[in-house]
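First the structure, in the form of structure tokens, and then the observations on it.
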Amino acid sequence: MPSKQRLDSNMAQKTLLNSKDIHIILHRLACQLLENHIDFTNTVLVGLQPRGTFLANRIAKILNEEYNIKNLHLGQLDITFFRDDFRRRTAPLEANSTNLNFTIEDKKVVLIDDVLFSGRSIRSALTAIQSFGRPDSIELLVLIDRRFSRHLPIQPNYKGRQVDVINSEKVKVIWKENDKKDAVYIINNN
Amino acid sequence: MKHLSVQHLLGIKYLNLRDIDLLFETANHFKEVINRPIKKVPSLRDITIANLFFENSTRTKLSFELAEKRLSADVINFSASQSSVKKGETLIDTVNNILSMKVDIVVMRHPNVGAGVFLSKHIDAKIINAGDGAHEHPTQALLDSYSIKENLGSVKGKKVVIVGDILHSRVALSNIYALQLQGAKVMVCGPTTLIPKHIASLGVLVETNLKKALQWCDVANVLRVQHERMDINYFPSIREYTQLFGINRELLDSLGKEIVIMHPGPINRGVEITSDVADSKQSIILNQVENGVAIRMAVIYLLAQQIKPN
């Protein structure tokens, strides 16, 4: 069994997106949302805990500061108790907080997550969001769409970048709020 | 890794502080869940839970059942008064029969001390003790501490007096363990006849003057007099008990400070507590009931997490 240090040194890390790329993509995604939702009066943005919330906050900030969208409804949804792998993982699931201080009844909901992979988290989110009412529609926005990895028939409405990576590779998104800079890496575990 | 250190919830005695922190943290999430328009999550949809109540219970049973249903578990209920226990069946036989129906978790209340521990050694299911005789009632103590923490910010350093029938109370013992584990100071107060002889060896203060006890404390957890467990008279009359150990508005007003009033229920209004106190702003009795569901969801969820799928 190789030591952790050894494993780390074996891991090849490739930068997929740097800060500038992410900056451009976030603005494009914000504009695409604007096109469809115009003044956002009937729209709510919901970031999925834990990592989708950074992206949701960023998009909301751009819409607010650069496109003057006021009173934007922004929430965080935790899907831990709705996951389909409870008791089937070696590590226990850890819950995060849910903050949805508005009704989603008849609203257009935009679910926001960093990476779309198997689609199982989104499946859980679709169930979880129903606990807060019956939305008019639900859309999905992701920064990275890992094509060809889907276990379920789920596709994003808005995507930052589509990537084709093999299953042993990991896509890691880091945000400057947490890790000092914005970047997306592809990490090869082999 | 966030796991409970125990395989069953048999008593607070077996828990450590990290277990309590994990339970409270998980209960916070479930408290948010039970305030949603749809108060249910699907986590335990492939788990079956049997509620075995060999002794009467209203709120604990309802609270457990609601917690189980909020987690989407399948639930079967059993009460001894309508069962073959009356026909001479042993506890292990009764439970094994129920387990043959593929039950994963057993929630049990039993009049005998240690019934949960006994069962956990003989059967292959998670056991949650919902009260064993006058021994432990762990989920009640957890929800009491959780309610104190919610109300006062922390349990550490707080002074809690448990007033009333300590001798026959499982709530008292579990509360003493839980509060001490979290760093609270505990006092018991009641008639000398209703205070166990060596209780001071647990590190609790003993007081027989109610006013002095209330002046000392931040929180008073008031217990009912358990007439059904009394085979002899422990005090001359209920009227005298109320005069010496009943909490009323006048007494609380004379303290010069506001303390938190708790009661695990059922309340005997006008005996250990007057209605105006039980229904006052200082009382967190109904919060305790709400928190009970969240705490029991946390207990069940964290134990279920340890069950391997078939």
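Scan region B:278-288 and tell me whether some residue there is away from chain A (no Cβ under 14 Å), in contact (Cβ under 8 Å) with a residue 60 or more places away in the chain and more than 26 Å from residue B:239 (Cα to Cα). So far as region B:278-288 goes, yes, one or more of its residues are away from chain A (no Cβ under 14 Å), in contact (Cβ under 8 Å) with a residue 60 or more places away in the chain and more than 26 Å from residue B:239 (Cα to Cα). Going by what's in this entry, would residue B:92 be described as surrounded by 17 or more Cβ atoms within 10 Å (Cβ to Cβ), outside any loop (DSSP other than H, G, I, E, B) and either on the phi > 0 side of the Ramachandran plot or away from every other protein chain (no Cβ under 14 Å) (or both)? No, not satisfied. Scanning region B:235-284 for residues that are exposed (fewer than 13 other Cβ atoms within 10 Å of the Cβ) and of a type in the set (Ser, Thr, Tyr) gives B:237, B:254, B:275. In the set (1) outside any helix (DSSP H, G or I); (2) touching a residue at least 40 places away in the same chain (Cβ under 8 Å), the condition left unmet by residue B:157 is number (2). With respect to the conditions (1) more than 14 Å from chain A (Cβ to nearest Cβ); (2) in contact with a helix residue (DSSP H, G or I) (Cβ under 9 Å, 6 or more places away or on another chain), residue B:58 lacks only one, and its number is (2).
Exactly one residue out of B:85, B:107, B:103, B:75 is modelled with pLDDT under 85 and either part of a loop (DSSP other than H, G, I, E, B) or of a type in the set (A, V, I, L, M, F, W, C) (or both): that is B:85. Based on what the data block shows, is residue B:49 closer than 23 Å to residue B:309 by Cβ, away from chain A (no Cβ under 11 Å) and surrounded by 23 or more Cβ atoms within 10 Å (Cβ to Cβ)? For residue B:49, the condition - closer than 23 Å to residue B:309 by Cβ, away from chain A (no Cβ under 11 Å) and surrounded by 23 or more Cβ atoms within 10 Å (Cβ to Cβ) - is met. Within region B:16-34, is there a residue that is away from chain A (no Cβ under 14 Å), over 15 Å from residue A:82 (Cβ atoms), assigned to a loop (DSSP other than H, G, I, E, B) and at pLDDT below 95? Looking for residues that are away from chain A (no Cβ under 14 Å), over 15 Å from residue A:82 (Cβ atoms), assigned to a loop (DSSP other than H, G, I, E, B) and at pLDDT below 95, one finds none in region B:16-34, hence no. Pairs linking a residue in region A:152-175 that is without any contact (Cβ under 8 Å) to a residue 40 or more places away in the chain to a residue that is aromatic (Phe, Trp, Tyr), with Cβ atoms under 7 Å and 6 or more positions apart or on different chains, are A:164/A:148; A:172/A:185. In the set (1) more than 20 Å from the chain's Cα centre (by Cα); (2) touching a residue at least 24 places away in the same chain (Cβ under 8 Å); (3) in a helix (DSSP H, G or I), the condition left unmet by residue B:271 is number (3). Quick one: would you say residue B:78 is farther than 24 Å from residue B:173 by Cα, among the aromatic types (Phe, Trp, Tyr) and crowded, with 17+ Cβ neighbours inside 10 Å? Criteria met by residue B:78. Residue count for region A:78-115 satisfying the condition of being at pLDDT 90 or above and away from every other protein chain (no Cβ under 11 Å): 10.
Of the residues in region A:61-74, not one is surrounded by fewer than 16 Cβ atoms within 10 Å (Cβ to Cβ) and within 14 Å of another protein chain (Cβ to nearest Cβ).
The values are calculated or read from the model by the stated rules, or taken from the named source; none is laboratory data. Small disclaimer: the values here were computed from a predicted structure and weren't measured. Reconstructed Cβ throughout: ideal geometry from the backbone, glycine too, with neighbour counts over all protein chains shown.
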